[in-house]
1. For a quick check of your reading of the model, give me the residue pairs whose first member lies in the stretch 217-242 and is under 16 Å from residue 191 (Cα atoms) and open to solvent by 50 Å² or more (accessible area, probe 1.4 Å), whose second is part of a helix (DSSP H, G or I) and at pLDDT 95 or above, with beta-carbon atoms closer than 9 Å and at least 6 apart or on different chains.
2. Give the residues of the stretch 263-288 that are of a type in the set (A, V, I, L, M), out of contact with any Pro (no Cβ under 6 Å at 6 or more places or on another chain), open to solvent by 20 Å² or more (accessible area, probe 1.4 Å) and part of a loop (DSSP other than H, G, I, E, B), sorted by residue number.
3. Got a number for residues in the stretch 34-56 being touching a residue at least 24 places away in the same chain (Cβ under 8 Å), more than 12 Å from the ligand (Cβ to nearest atom) and not small (Gly, Ala, Ser)?
4. Go through the stretch 167-207 and count every residue that is outside any loop (DSSP other than H, G, I, E, B), open to solvent by less than 30 Å² (accessible area, probe 1.4 Å) and near the ligand (Cβ under 8 Å from one of its atoms).
5. Select from the stretch 122-146 the residues that are in contact with a Pro (Cβ under 8 Å, 6 or more places away or on another chain) and either at pLDDT below 95 or open to solvent by 10 Å² or more (accessible area, probe 1.4 Å) (or both) and list them in ascending order.
6. Could you identify the single residue in 176, 200 that is over 28 Å from residue 253 (Cβ atoms) and more than 17 Å from the chain's Cα centre (by Cα)?
7. So, in the stretch 67-118, how many residues would count as being among the acidic types (Asp, Glu) and in contact with a Lys or Arg (Cβ under 9 Å, 6 or more places away or on another chain)?
8. Please work out which residue is nearest to the ligand (Cβ to nearest atom), limiting yourself to the stretch 138-147 and to residues that are more than 15 Å from the chain's Cα centre (by Cα) and touching a residue at least 40 places away in the same chain (Cβ under 8 Å).
Amino acid sequence: MDSKDFKMVTLSNGIQMPRLGLGVMFIEEGQEMQNAIDTAIDTGYRLFDNAALYENEAAVGKALKNNGIKREEVFISSKLRNSEQKYEKALKAFDLSMKTLGLDYLDMYLIHWPCPEHDTYCEAWKALEHLYKEGYVRAIGLSNFQENHIDKIFGMCEIPPVINQLECNPYLTIEPLRKYCHDHGIWSEAWFPLGGPAQPLEGEPLPEEERLLNNPVLKEISEKYNKTVAQIVLRWEVQSDIITIPKSSKPHRIKENIDIFDFCLSRDEMQKINSLNRDLRIGPDPQTFNLLF
Ligand code: NDP
(Lines give C-alpha, C1' and ligand atoms only; values in the text may rest on other atoms or scores of the structure.)
Protein backbone atom coordinates (compact mmCIF):
# COMPACT_ATOMS: atom_id res chain seq x y z
CA MET A 1 0.00 0.00 0.00
CA ASP A 2 1.51 3.37 -1.00
CA SER A 3 1.26 5.33 2.24
CA LYS A 4 1.38 8.73 0.51
CA ASP A 5 -1.57 8.19 -1.84
CA PHE A 6 -3.33 6.21 0.84
CA LYS A 7 -3.71 9.34 2.98
CA MET A 8 -6.18 10.84 0.47
CA VAL A 9 -9.42 9.67 -1.12
CA THR A 10 -10.95 10.88 -4.38
CA LEU A 11 -14.63 11.75 -4.01
CA SER A 12 -17.12 10.98 -6.78
CA ASN A 13 -16.99 14.58 -8.03
CA GLY A 14 -13.22 14.22 -8.52
CA ILE A 15 -11.95 16.26 -5.58
CA GLN A 16 -9.46 14.87 -3.09
CA MET A 17 -10.04 14.69 0.64
CA PRO A 18 -7.83 13.43 3.49
CA ARG A 19 -8.75 10.04 4.96
CA LEU A 20 -8.19 11.33 8.49
CA GLY A 21 -8.95 14.70 10.02
CA LEU A 22 -9.53 16.47 13.30
CA GLY A 23 -13.06 16.60 14.76
CA VAL A 24 -13.42 19.87 16.64
CA MET A 25 -16.63 19.35 18.62
CA PHE A 26 -16.08 20.39 22.26
CA ILE A 27 -12.65 21.92 21.62
CA GLU A 28 -12.83 25.20 23.47
CA GLU A 29 -12.18 28.54 21.85
CA GLY A 30 -8.97 30.35 22.76
CA GLN A 31 -5.68 28.65 23.63
CA GLU A 32 -7.11 25.12 23.60
CA MET A 33 -8.28 25.52 19.98
CA GLN A 34 -5.08 27.26 18.92
CA ASN A 35 -2.90 24.50 20.41
CA ALA A 36 -5.08 21.80 18.84
CA ILE A 37 -5.02 23.35 15.36
CA ASP A 38 -1.28 24.17 15.51
CA THR A 39 -0.40 20.64 16.66
CA ALA A 40 -2.70 19.13 14.05
CA ILE A 41 -1.16 21.13 11.22
CA ASP A 42 2.40 20.41 12.43
CA THR A 43 1.68 16.68 12.49
CA GLY A 44 0.06 16.53 9.05
CA TYR A 45 -3.70 17.01 9.54
CA ARG A 46 -5.34 18.95 6.74
CA LEU A 47 -9.03 18.05 7.26
CA PHE A 48 -11.01 19.89 9.96
CA ASP A 49 -14.57 18.77 10.67
CA ASN A 50 -16.80 21.49 12.05
CA ALA A 51 -20.53 22.33 12.32
CA ALA A 52 -22.54 25.44 13.09
CA LEU A 53 -23.94 23.49 16.02
CA TYR A 54 -20.54 23.21 17.74
CA GLU A 55 -20.50 26.99 18.12
CA ASN A 56 -16.75 27.16 17.63
CA GLU A 57 -16.52 28.02 13.92
CA ALA A 58 -15.13 31.46 14.84
CA ALA A 59 -12.42 29.87 16.98
CA VAL A 60 -11.47 27.43 14.20
CA GLY A 61 -11.30 30.24 11.63
CA LYS A 62 -9.19 32.37 13.94
CA ALA A 63 -6.81 29.55 14.85
CA LEU A 64 -6.27 28.67 11.16
CA LYS A 65 -5.60 32.30 10.34
CA ASN A 66 -3.15 32.68 13.25
CA ASN A 67 -1.40 29.49 12.19
CA GLY A 68 -0.75 30.98 8.78
CA ILE A 69 -1.36 27.83 6.72
CA LYS A 70 -2.51 28.62 3.20
CA ARG A 71 -6.26 28.32 2.62
CA GLU A 72 -5.82 25.92 -0.30
CA GLU A 73 -3.77 23.53 1.85
CA VAL A 74 -6.61 22.76 4.26
CA PHE A 75 -9.94 20.99 3.78
CA ILE A 76 -12.66 22.63 5.89
CA SER A 77 -15.98 20.92 6.40
CA SER A 78 -19.06 22.29 8.16
CA LYS A 79 -22.72 21.37 8.58
CA LEU A 80 -26.14 22.94 8.26
CA ARG A 81 -28.10 23.18 11.51
CA ASN A 82 -31.31 21.11 11.71
CA SER A 83 -33.39 24.25 12.29
CA GLU A 84 -32.24 25.78 8.95
CA GLN A 85 -33.32 23.19 6.39
CA LYS A 86 -35.75 25.45 4.46
CA TYR A 87 -34.20 26.70 1.19
CA GLU A 88 -33.71 30.40 2.03
CA LYS A 89 -32.79 29.66 5.63
CA ALA A 90 -30.14 27.18 4.50
CA LEU A 91 -28.52 29.75 2.21
CA LYS A 92 -28.47 32.28 5.04
CA ALA A 93 -27.08 29.73 7.48
CA PHE A 94 -24.28 28.93 5.03
CA ASP A 95 -23.47 32.64 4.71
CA LEU A 96 -23.34 32.94 8.47
CA SER A 97 -20.99 29.95 8.78
CA MET A 98 -18.69 31.45 6.14
CA LYS A 99 -18.62 34.81 7.93
CA THR A 100 -18.03 33.14 11.28
CA LEU A 101 -15.24 30.98 9.90
CA GLY A 102 -13.84 33.97 8.00
CA LEU A 103 -13.74 32.04 4.69
CA ASP A 104 -14.96 32.73 1.16
CA TYR A 105 -15.49 29.08 0.20
CA LEU A 106 -15.91 25.78 2.03
CA ASP A 107 -14.45 22.45 0.98
CA MET A 108 -17.46 20.48 2.17
CA TYR A 109 -20.94 21.26 3.48
CA LEU A 110 -23.21 18.60 4.97
CA ILE A 111 -26.84 18.39 6.09
CA HIS A 112 -26.28 17.56 9.76
CA TRP A 113 -29.28 15.25 10.41
CA PRO A 114 -32.22 14.16 8.23
CA CYS A 115 -34.83 14.91 10.98
CA PRO A 116 -37.38 12.87 8.98
CA GLU A 117 -40.47 14.09 10.87
CA HIS A 118 -39.96 17.61 9.47
CA ASP A 119 -39.46 16.37 5.91
CA THR A 120 -37.33 19.35 4.82
CA TYR A 121 -34.02 17.71 3.97
CA CYS A 122 -34.78 17.58 0.20
CA GLU A 123 -35.38 21.33 0.28
CA ALA A 124 -32.08 21.75 2.12
CA TRP A 125 -30.38 19.61 -0.53
CA LYS A 126 -31.60 22.03 -3.25
CA ALA A 127 -29.90 24.85 -1.33
CA LEU A 128 -26.65 22.86 -1.08
CA GLU A 129 -26.81 22.16 -4.83
CA HIS A 130 -27.17 25.89 -5.45
CA LEU A 131 -24.10 26.64 -3.28
CA TYR A 132 -22.14 23.96 -5.12
CA LYS A 133 -23.13 25.22 -8.57
CA GLU A 134 -22.20 28.78 -7.57
CA GLY A 135 -18.76 27.59 -6.44
CA TYR A 136 -19.12 28.44 -2.74
CA VAL A 137 -18.49 24.83 -1.74
CA ARG A 138 -16.34 22.15 -3.44
CA ALA A 139 -18.35 19.13 -2.29
CA ILE A 140 -21.75 18.55 -0.70
CA GLY A 141 -22.93 15.66 1.40
CA LEU A 142 -25.05 14.21 4.15
CA SER A 143 -24.70 13.24 7.76
CA ASN A 144 -26.70 10.64 9.67
CA PHE A 145 -28.74 9.70 6.58
CA GLN A 146 -30.07 6.12 6.44
CA GLU A 147 -30.95 4.20 3.25
CA ASN A 148 -34.56 5.48 3.10
CA HIS A 149 -33.44 9.13 3.45
CA ILE A 150 -30.72 8.73 0.81
CA ASP A 151 -33.23 7.13 -1.58
CA LYS A 152 -35.35 10.27 -1.30
CA ILE A 153 -32.33 12.46 -2.07
CA PHE A 154 -31.53 10.35 -5.15
CA GLY A 155 -35.17 10.66 -6.20
CA MET A 156 -34.88 14.45 -6.55
CA CYS A 157 -31.22 15.48 -6.78
CA GLU A 158 -29.33 16.95 -9.72
CA ILE A 159 -26.00 16.58 -7.90
CA PRO A 160 -25.45 13.39 -5.89
CA PRO A 161 -24.02 13.50 -2.35
CA VAL A 162 -20.36 12.47 -2.05
CA ILE A 163 -20.18 11.76 1.69
CA ASN A 164 -22.36 10.46 4.50
CA GLN A 165 -20.98 11.17 7.98
CA LEU A 166 -22.22 8.50 10.38
CA GLU A 167 -21.71 7.20 13.90
CA CYS A 168 -19.32 4.32 13.23
CA ASN A 169 -16.57 2.38 14.98
CA PRO A 170 -15.78 -1.31 15.64
CA TYR A 171 -18.78 -1.56 18.03
CA LEU A 172 -21.13 -0.05 15.41
CA THR A 173 -19.84 -1.16 12.01
CA ILE A 174 -23.11 -0.43 10.10
CA GLU A 175 -21.91 -2.65 7.24
CA PRO A 176 -25.21 -2.69 5.24
CA LEU A 177 -25.45 1.12 5.26
CA ARG A 178 -21.78 1.51 4.36
CA LYS A 179 -22.24 -0.92 1.48
CA TYR A 180 -25.32 0.96 0.32
CA CYS A 181 -23.34 4.23 0.41
CA HIS A 182 -20.40 2.66 -1.43
CA ASP A 183 -22.73 1.26 -4.13
CA HIS A 184 -24.13 4.78 -4.62
CA GLY A 185 -20.71 6.46 -4.90
CA ILE A 186 -20.87 7.91 -1.38
CA TRP A 187 -17.89 7.70 1.00
CA SER A 188 -18.68 6.90 4.63
CA GLU A 189 -17.09 9.14 7.25
CA ALA A 190 -17.05 8.10 10.92
CA TRP A 191 -18.12 10.21 13.87
CA PHE A 192 -17.48 8.80 17.36
CA PRO A 193 -14.63 6.95 15.60
CA LEU A 194 -13.01 6.16 18.96
CA GLY A 195 -16.31 5.32 20.63
CA GLY A 196 -17.08 8.92 21.56
CA PRO A 197 -16.45 10.96 24.69
CA ALA A 198 -16.35 9.28 28.12
CA GLN A 199 -19.51 11.20 29.04
CA PRO A 200 -22.09 10.47 26.30
CA LEU A 201 -24.32 13.26 24.96
CA GLU A 202 -27.21 11.82 27.04
CA GLY A 203 -27.50 9.31 29.87
CA GLU A 204 -24.94 7.56 32.03
CA PRO A 205 -21.30 7.01 30.99
CA LEU A 206 -20.52 3.45 29.85
CA PRO A 207 -18.78 1.33 32.50
CA GLU A 208 -14.98 1.39 31.91
CA GLU A 209 -14.80 -2.26 30.81
CA GLU A 210 -17.44 -1.67 28.11
CA ARG A 211 -15.63 1.24 26.48
CA LEU A 212 -14.25 0.52 23.00
CA LEU A 213 -10.71 1.60 23.90
CA ASN A 214 -10.62 -1.05 26.66
CA ASN A 215 -11.51 -3.95 24.39
CA PRO A 216 -9.11 -6.92 24.99
CA VAL A 217 -9.03 -8.04 21.31
CA LEU A 218 -7.98 -4.55 20.24
CA LYS A 219 -5.48 -4.43 23.08
CA GLU A 220 -3.84 -7.66 21.93
CA ILE A 221 -3.52 -6.38 18.34
CA SER A 222 -2.14 -3.06 19.60
CA GLU A 223 0.64 -4.86 21.50
CA LYS A 224 1.72 -6.72 18.37
CA TYR A 225 2.24 -3.45 16.45
CA ASN A 226 3.47 -1.42 19.42
CA LYS A 227 0.61 1.00 18.82
CA THR A 228 -2.19 2.19 21.08
CA VAL A 229 -5.74 0.81 20.92
CA ALA A 230 -6.91 4.17 19.51
CA GLN A 231 -4.38 3.81 16.67
CA ILE A 232 -5.61 0.28 15.88
CA VAL A 233 -9.23 1.51 15.75
CA LEU A 234 -8.34 4.42 13.45
CA ARG A 235 -6.24 2.15 11.25
CA TRP A 236 -9.18 -0.28 10.96
CA GLU A 237 -11.32 2.66 9.84
CA VAL A 238 -8.97 3.93 7.13
CA GLN A 239 -8.28 0.38 5.92
CA SER A 240 -12.07 -0.14 5.73
CA ASP A 241 -12.33 2.93 3.47
CA ILE A 242 -14.02 4.95 6.19
CA ILE A 243 -12.88 8.57 6.43
CA THR A 244 -12.31 9.31 10.11
CA ILE A 245 -12.28 12.45 12.25
CA PRO A 246 -11.12 11.67 15.81
CA LYS A 247 -11.37 14.57 18.23
CA SER A 248 -8.78 15.37 20.83
CA SER A 249 -7.83 18.62 22.48
CA LYS A 250 -4.63 17.06 23.84
CA PRO A 251 -1.52 17.63 21.68
CA HIS A 252 0.00 14.20 22.46
CA ARG A 253 -3.21 12.43 21.39
CA ILE A 254 -3.60 14.58 18.28
CA LYS A 255 -0.12 13.37 17.26
CA GLU A 256 -0.90 9.78 18.24
CA ASN A 257 -4.13 9.68 16.23
CA ILE A 258 -2.51 10.52 12.91
CA ASP A 259 0.47 8.22 13.42
CA ILE A 260 -1.28 5.29 11.77
CA PHE A 261 0.14 5.30 8.25
CA ASP A 262 3.25 3.19 8.92
CA PHE A 263 1.65 -0.21 9.49
CA CYS A 264 -1.02 -2.39 7.97
CA LEU A 265 -3.52 -4.69 9.69
CA SER A 266 -3.72 -8.19 8.23
CA ARG A 267 -6.89 -9.56 6.65
CA ASP A 268 -7.41 -11.77 9.75
CA GLU A 269 -7.04 -8.82 12.10
CA MET A 270 -9.47 -6.74 10.03
CA GLN A 271 -11.93 -9.64 10.22
CA LYS A 272 -11.45 -9.98 13.99
CA ILE A 273 -12.19 -6.28 14.43
CA ASN A 274 -15.24 -6.47 12.14
CA SER A 275 -16.62 -9.20 14.35
CA LEU A 276 -16.51 -6.94 17.43
CA ASN A 277 -19.65 -5.24 16.11
CA ARG A 278 -22.44 -5.10 18.69
CA ASP A 279 -24.64 -2.45 17.00
CA LEU A 280 -23.84 -0.23 19.98
CA ARG A 281 -25.18 3.23 19.20
CA ILE A 282 -24.21 5.89 21.74
CA GLY A 283 -25.63 8.87 19.84
CA PRO A 284 -29.25 9.44 18.75
CA ASP A 285 -31.03 7.15 16.26
CA PRO A 286 -31.29 9.08 12.95
CA GLN A 287 -34.67 7.44 12.16
CA THR A 288 -36.27 9.06 15.21
CA PHE A 289 -34.08 12.07 15.98
CA ASN A 290 -35.93 15.26 15.02
CA LEU A 291 -34.54 17.97 17.29
CA LEU A 292 -34.31 21.35 15.60
CA PHE A 293 -31.19 22.75 17.25
P1 NDP B 1 -14.33 10.44 19.34
O2 NDP B 1 -14.70 9.03 19.11
O3 NDP B 1 -13.41 11.14 18.42
O4 NDP B 1 -13.79 10.50 20.81
C5 NDP B 1 -13.31 11.66 21.38
C6 NDP B 1 -12.92 11.31 22.83
O7 NDP B 1 -11.83 10.42 22.85
C8 NDP B 1 -12.54 12.54 23.57
O9 NDP B 1 -13.04 12.39 24.88
C10 NDP B 1 -11.01 12.50 23.56
O11 NDP B 1 -10.53 13.08 24.74
C12 NDP B 1 -10.73 11.01 23.53
N13 NDP B 1 -9.53 10.65 22.76
C14 NDP B 1 -9.08 11.19 21.60
N15 NDP B 1 -7.97 10.59 21.19
C16 NDP B 1 -7.68 9.63 22.11
C17 NDP B 1 -6.64 8.68 22.24
N18 NDP B 1 -5.66 8.58 21.33
N19 NDP B 1 -6.65 7.86 23.32
C20 NDP B 1 -7.64 7.94 24.24
N21 NDP B 1 -8.66 8.83 24.17
C22 NDP B 1 -8.67 9.66 23.11
O23 NDP B 1 -15.72 11.25 19.48
P24 NDP B 1 -16.19 12.72 19.09
O25 NDP B 1 -17.46 12.93 19.73
O26 NDP B 1 -15.25 13.77 19.39
O27 NDP B 1 -16.38 12.59 17.51
C28 NDP B 1 -15.38 13.01 16.58
C29 NDP B 1 -15.89 14.13 15.73
O30 NDP B 1 -17.04 13.68 14.98
C31 NDP B 1 -16.43 15.35 16.48
O32 NDP B 1 -15.40 16.16 16.98
C33 NDP B 1 -17.25 16.00 15.39
O34 NDP B 1 -16.41 16.71 14.51
C35 NDP B 1 -17.87 14.79 14.69
N36 NDP B 1 -19.24 14.46 15.15
C37 NDP B 1 -20.25 14.49 14.22
C38 NDP B 1 -21.55 14.20 14.56
C39 NDP B 1 -22.61 14.25 13.52
O40 NDP B 1 -23.80 14.16 13.87
N41 NDP B 1 -22.28 14.39 12.26
C42 NDP B 1 -21.92 13.84 15.95
C43 NDP B 1 -20.79 13.78 16.85
C44 NDP B 1 -19.51 14.07 16.45
P45 NDP B 1 -9.45 14.32 24.75
O46 NDP B 1 -10.02 15.44 23.94
O47 NDP B 1 -9.36 14.61 26.21
O48 NDP B 1 -8.20 13.73 24.17
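1. Sorted first by the residue in the stretch 217-242, then by its partner, the pairs are 241/178; 241/182.
2. Matches in the stretch 263-288: 280 only.
3. Residues meeting the conditions: 7.
4. Summing the residues that are outside any loop (DSSP other than H, G, I, E, B), open to solvent by less than 30 Å² (accessible area, probe 1.4 Å) and near the ligand (Cβ under 8 Å from one of its atoms) in the stretch 167-207 gives 3.
5. Across the stretch 122-146, the qualifying residue is only 146.
6. 176
7. 4
8. Keep residues of the stretch 138-147 that are more than 15 Å from the chain's Cα centre (by Cα), which gives 138, 146-147.
Remaining after also requiring touching a residue at least 40 places away in the same chain (Cβ under 8 Å): 138, 146.
On the way: 138: 19, 146: 13 Å.
Per the criteria, the residue is 146.
The values are calculated or read from the model by the stated rules, or taken from the named source; none is laboratory data. Being a predicted model, the structure only gives us computed values, none of them experimental. As a convention, Cβ positions derive from the backbone with ideal geometry for all residues, glycine included, and neighbour counts pool all protein chains shown. Heavy atoms of the whole protein, side chains included, go into the accessibility calculation; ligands, DNA and RNA do not. Shrake-Rupley method; radii C 1.70, N 1.55, O 1.52, S 1.80 Å.
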